[in-house]
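The values are calculated or read from the model by the stated rules, or taken from the named source; none is laboratory data. Small disclaimer: the values here were computed from a predicted structure and weren't measured. Heads up, the Cβs are rebuilt from the backbone with ideal geometry, glycines too, and the neighbour counts pull from every protein chain shown.
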Amino acid sequence: MLRAWGWAVMFAGVGCWGQSSLPDSPKVQTEAQKEEARKQALPRGFFGRWGEFYREDWKGTSPSGPVPARRGLESPLQSPPFPNADWSYGGSPTIGEADGNSYPLMTAWNGAKSRTKLYGWVEPTFNVSTSSKSNSPESNDGYSNRVELNQAVIYVERLPDSVQREHVDVGFHLTALYGTDYRYTTNVGYFSGQYLDHGHRYGFDPSLEYVDVYVPKVAKGMNVRVGRFISIPGIEAQLTPNNYIFSHSLLYSVDPFTDTGVLATVQVTDQWLVQLGATGSHDVALWSGYAHPAADACVSYTTKTARDNYYMCANGINDGIYSFNNIQQYDGTWYHKIGKSWHLATEAYVMYQRDVPVVGSADIIKGTNGAVCQAGQRSCFAPEWAVQNYVNKQLSAHDFLSFRSDFLNDKKGQRTGVNSKYTENTFMWSHWVGSTVQIRPEVRFDHSWDRMGYDNATKSSQFTFASDVVFHF
C-alpha cells in the first residue's frame with residue numbers, strides 16, 4: 001500500500017514538474033477576440049473615438065468589415081476611388097444592395113450600430129480663372145478667382161433593407177446644405193428668396209427630403225420614393241461626392257436639379273429596371289404657384305457581365321409651356337467598362353420649353369432667361385441639346401484620372417443667357433486619403449463658338465485651374 005502511494009506521489013510530482021517547467025502555450029485569438037481587444041485599446045470618449053477613426057483610416061489600419069449582403073449582378077467598379085460601385089440610376093437606393101457604409105461620426109457615437117445615420121462633408125474649393133467677373137455658365141465654381149466653401153452638408157438617413165424579400169421596409173432621408181452651391185439647388189418655394197430675390201452668395205437649402213418604401217414582393221423589389229429628390233436622369237448629381245469631377249459639365253449646369261413628387265422604381269430582373277413617377281415639374285415646390293403636373297418614365301438595362309449599362313429617361317413631361325424650369329427632357333446614358341481599370345460614361349439629351357417670352361419681355365419669370373426669337377415674335381419655341389463623355393482610368397484603390405468632353409447647343413439662349421454653341425474639356429486627378437478625404441485638382445478649357453458667352457458675355461474662351469477638398473465626417 002505504501003509502495004503504491006509512493007509511485008502515485010512520484011508520478012504526480014513528475015506531472016507537476018513537467019507543467020511548471022514548460023513555457024506557456026500561446027493563446028490563439030479568434031478574429032472576434034482580436035477585434036474586441038482592438039476596441040478595448042481605443043481611446044475613451046466621443047472625440048477620442050472620432051479622432052481614432054481618422055487615424056486608422058488615414059494610416060490604412062482600419063479593420064475590414066464583412067462584405068455587405070447583395071442580390072443581383074456584381075458591382076462593376078470600386079468605390080472609392082470612384083463615386084459609385086454600381087452604374088447609377090436616380091430616385092432610389094440601389095435595390096438589392098445593403099448599406100455597408102461606416103462613417104466617422106456614427107462610429108464614434110454608437111459604434112455604427114444604428115441603421116439611422118448622421119453624416120456629411122465639408123467642401124472648400126478654389127479656382128484661378130482667365131475670367132474676372134464670372135465663370136458662368138461653368139459650375140460649381142461660378143465665382144471666379146476665389147476661395148469658397150461650396151458645400152457643408154449634413155445627412156440624416158435610414159436606407160430601407162432591400163436585400164431581404166420578406167417584409168416591407170421604410171427609410172428616409174433629410175439633407176441640409178449650406179454654401180455657395182445652394183444656388184444650384186434652389187427651388188421656388190424652398191427658401192428661394194435668398195438667391196432669387198437677394199442674390200446672396202452663401203445660403204441654405206434643404207435639398208433632399210423624402211421617404212422610401214421598399215416593397216419586396218413586386219418583381220425583384222420595388223422602391224417608392226415620396227418627397228423632394230434629385231432629378232433622376234444623368235451621370236452627375238448636385239451633391240459633390242456623387243461626381244467624378246469637381247466642376248460640372250455644361251450639360252449638367254443647365255438641366256433640372258431637384259423635383260418634388262413620387263417615383264416608383266421596380267427591379268424587374270437582375271438586368272432590367274423601370275421607373276414611373278409624377279412630379280410638380282422641375283425646381284419648384286408643389287405650393288409655389290409654378291408647379292405643373294409632370295410625368296417621369298425611365299428604363300435601365302445592364303448586361304449580364306455588368307460591363308455595359310443603358311439608362312433612358314423621359315423627365316418632367318407635360319405640355320412644356322414656359323414656366324419656372326418647366327423643361328421637357330429626354331435623356332440617355334451609356335456606361336461601358338474596358339478591362340479592369342478603364343470605363344466610359346456618356347450622356348446625351350434634348351430639352352425644350354414652349355412659348356418662351358422674348359429677351360427683354362416683362363413676362364420673363366425671375367430666375368429664368370428669355371429666348372432669342374425671330375424679329376417680331378413675342379415668344380417662341382426654345383430647344384437645346386447636349387452630349388458629354390467621361391473617360392475614367394483607375395490608378396489604384398485611392399486614385400483615378402478622368403477626362404471629360406462636353407458640347408452644349410443652347411439654340412435660343414434660354415438656358416445660359418447667350419444663344420451659342422459651347423464646348424468644354426476638363427482633365428482631373430482624384431486622390432483619396434483613406435476613405436474620408438478626397439482631393440480633385442482639375443484644369444479646364446471652355447469656349448463659346450457663336451457669341452461671347454463667358455465673363456458676363458465679354459469673352460469667348462475661358463481657362464480655369466481649380467480644386468476642391470471633400471472632408472467626410
Open item on the list: Quick check on region 112-124. Is at least one of its residues touching a residue at least 12 places away in the same chain (Cβ under 8 Å), touching a strand residue (DSSP E or B) at 6+ places or on another chain (Cβ under 7 Å) and closer than 25 Å to LEU251 by Cβ?
Closed with: yes
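Yes or no, residue by residue, for (1) among the acidic types (Asp, Glu); (2) modelled with pLDDT under 95; (3) in contact with a Pro (Cβ under 9 Å, 6 or more places away or on another chain); (4) assigned to a strand (DSSP E or B):
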{"site": "GLU148", "(1), (2), (3), (4)": "yes, no, yes, yes"}
{"site": "TYR155", "(1), (2), (3), (4)": "no, no, no, yes"}
{"site": "PRO160", "(1), (2), (3), (4)": "no, no, yes, no"}
{"site": "VAL163", "(1), (2), (3), (4)": "no, no, yes, no"}
{"site": "HIS167", "(1), (2), (3), (4)": "no, no, yes, no"}
{"site": "VAL170", "(1), (2), (3), (4)": "no, no, yes, yes"}
{"site": "ALA176", "(1), (2), (3), (4)": "no, no, yes, yes"}
{"site": "ARG183", "(1), (2), (3), (4)": "no, no, no, no"}
{"site": "TYR190", "(1), (2), (3), (4)": "no, no, yes, no"}
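Taking ALA264, is it over 30 Å from TYR143 (Cα atoms), in contact (Cβ under 8 Å) with a residue 24 or more places away in the chain and within 22 Å of the chain's Cα centre (by Cα)?
Numbers: over 30 Å from TYR143 (Cα atoms): yes; in contact (Cβ under 8 Å) with a residue 24 or more places away in the chain: yes; within 22 Å of the chain's Cα centre (by Cα): yes.
The answer is yes for ALA264.
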Open item on the list: Quick check on GLY142: is it at positive phi and in contact with a helix residue (DSSP H, G or I) (Cβ under 9 Å, 6 or more places away or on another chain)?
Closed with: no
Task: Residues of region 211-234 that turn out to be surrounded by 24 or more Cβ atoms within 10 Å (Cβ to Cβ) and either without any contact (Cβ under 8 Å) to a residue 24 or more places away in the chain or not charged (D, E, K, R) (or both), as a count - done: 8
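Listed here are the residues, each with its yes/no results for (1) part of a loop (DSSP other than H, G, I, E, B); (2) among the aliphatic types (A, V, I, L, M); (3) closer than 20 Å to ARG440 by Cβ; (4) under 20 Å from the mean Cα position of the chain (by Cα).
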{"residue": "TRP58", "(1), (2), (3), (4)": "no, no, yes, no"}
{"residue": "GLY65", "(1), (2), (3), (4)": "yes, no, no, no"}
{"residue": "ASN84", "(1), (2), (3), (4)": "yes, no, yes, yes"}
{"residue": "TYR89", "(1), (2), (3), (4)": "yes, no, no, yes"}
{"residue": "PRO93", "(1), (2), (3), (4)": "yes, no, no, yes"}
{"residue": "ASN101", "(1), (2), (3), (4)": "yes, no, no, yes"}
{"residue": "SER131", "(1), (2), (3), (4)": "yes, no, no, no"}
Open item on the list: Against the condition of a type in the set (D, E, K, R), surrounded by 24 or more Cβ atoms within 10 Å (Cβ to Cβ) and under 13 Å from TYR182 (Cα atoms), how does ASP205 come out, does it pass?
Closed with: yes
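Evaluate the following for LYS366: is it out of contact with any Lys or Arg (no Cβ under 7 Å at 6 or more places or on another chain), basic (Lys, Arg), surrounded by fewer than 16 Cβ atoms within 10 Å (Cβ to Cβ) and part of a loop (DSSP other than H, G, I, E, B)? Talk me through it step by step, then tell me what you get.
Details: out of contact with any Lys or Arg (no Cβ under 7 Å at 6 or more places or on another chain): yes; basic (Lys, Arg): yes; surrounded by fewer than 16 Cβ atoms within 10 Å (Cβ to Cβ): yes; part of a loop (DSSP other than H, G, I, E, B): yes.
Yes.
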Task: For HIS292: the one exception among (1) buried (at least 16 other Cβ atoms within 10 Å of the Cβ); (2) outside any strand (DSSP E or B); (3) on the phi > 0 side of the Ramachandran plot - done: (3)
Open item on the list: Could you check region 326-355 and list, in sequence order, the residues that are touching a Ser or Thr at 6+ places or on another chain (Cβ under 9 Å) and either on the phi > 0 side of the Ramachandran plot or not in a strand (DSSP E or B) (or both)?
Closed with: ASN326, ILE327, ASP355
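For region 389-473, list the strands (runs of 3 or more DSSP E) that sit wholly inside it and hold at least 2 residues that are charged (D, E, K, R); which are they? Spell out the reasoning first.
Working: elements: 399-410, 420-433, 437-439, 442-448, 461-472.
Result: 399-410, 420-433, 442-448.
Pull up region 267-278, narrow it to residues that are touching a residue at least 40 places away in the same chain (Cβ under 8 Å) and of a type outside the set (A, V, I, L, M), then point me to the one that is farthest from ALA297 (Cα to Cα). So that I can check it myself, show each step before the final result.
Looking only at region 267-278, we keep the residues that are touching a residue at least 40 places away in the same chain (Cβ under 8 Å), and these are 267-271, 273, 275, 277.
Of the ones still in play, those that are also of a type outside the set (A, V, I, L, M) are 267, 269-271, 275, 277.
Details: GLN267: 14, THR269: 17, ASP270: 19, GLN271: 17, GLN275: 5, GLY277: 7 Å.
Across region 267-278, the extreme among qualifying residues is ASP270.
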Task: Sole exception among (1) part of a loop (DSSP other than H, G, I, E, B); (2) surrounded by fewer than 17 Cβ atoms within 10 Å (Cβ to Cβ) for SER323, by number - done: (2)
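Considering only region 237-265, how many residues are over 30 Å from THR426 (Cβ atoms) and either in contact with a Phe, Trp or Tyr (Cβ under 9 Å, 6 or more places away or on another chain) or at pLDDT below 95 (or both)?
Initially, region 237-265 is screened for residues over 30 Å from THR426 (Cβ atoms), giving 260-265.
Checking the rest, the ones that are also either in contact with a Phe, Trp or Tyr (Cβ under 9 Å, 6 or more places away or on another chain) or at pLDDT below 95 (or both) come to 260-261, 263, 265.
Residues that pass the stated criteria total 4.
Per-residue answers, yes or no, for (1) hydrophobic (A, V, I, L, M, F, W, C); (2) surrounded by fewer than 21 Cβ atoms within 10 Å (Cβ to Cβ); (3) without any contact (Cβ under 8 Å) to a residue 12 or more places away in the chain; (4) out of contact with any helix residue (DSSP H, G or I) (no Cβ under 8 Å at 6 or more places or on another chain):
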site: VAL163; (1), (2), (3), (4): yes, yes, no, yes
site: VAL168; (1), (2), (3), (4): yes, yes, no, yes
site: GLY171; (1), (2), (3), (4): no, no, no, yes
site: HIS198; (1), (2), (3), (4): no, yes, yes, yes
Open item on the list: I'd like to verify a number: residues in region 427-461 that are over 29 Å from ASN101 (Cβ atoms) and either modelled with pLDDT under 95 or crowded, with 19+ Cβ neighbours inside 10 Å (or both), how many?
Closed with: 6
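Please find, within region 462-473, the residue that is surrounded by the most Cβ atoms within 10 Å (Cβ to Cβ) out of those that are touching a helix residue (DSSP H, G or I) at 6+ places or on another chain (Cβ under 8 Å) and over 14 Å from PHE82 (Cα atoms). Step through it out loud before you land on a result.
We begin by selecting, within region 462-473, every residue touching a helix residue (DSSP H, G or I) at 6+ places or on another chain (Cβ under 8 Å); these are 468, 470, 472-473.
Narrowing further to those that are over 14 Å from PHE82 (Cα atoms): 468, 472-473.
Numbers: ASP468: 23, HIS472: 20, PHE473: 18.
Ranking the candidates gives ASP468 first.
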Task: Qualifying residue in region 260-280 (condition: under 14 Å from GLN328 (Cα atoms) and β-branched (Val, Ile, Thr)) - done: yes
- [ ] Give just the number: which of (1) surrounded by fewer than 19 Cβ atoms within 10 Å (Cβ to Cβ); (2) closer than 30 Å to ALA314 by Cα; (3) of a type outside the set (Val, Ile, Thr); (4) in contact with a Leu (Cβ under 9 Å, 6 or more places away or on another chain) does ARG70 not satisfy?
- [x] (4)
Task: Contacts under 9 angstrom Cβ, first residue in region 348-361 being without any contact (Cβ under 8 Å) to a residue 12 or more places away in the chain, partner surrounded by fewer than 16 Cβ atoms within 10 Å (Cβ to Cβ) and of a type in the set (Asp, Glu), 6 or more apart - done: none
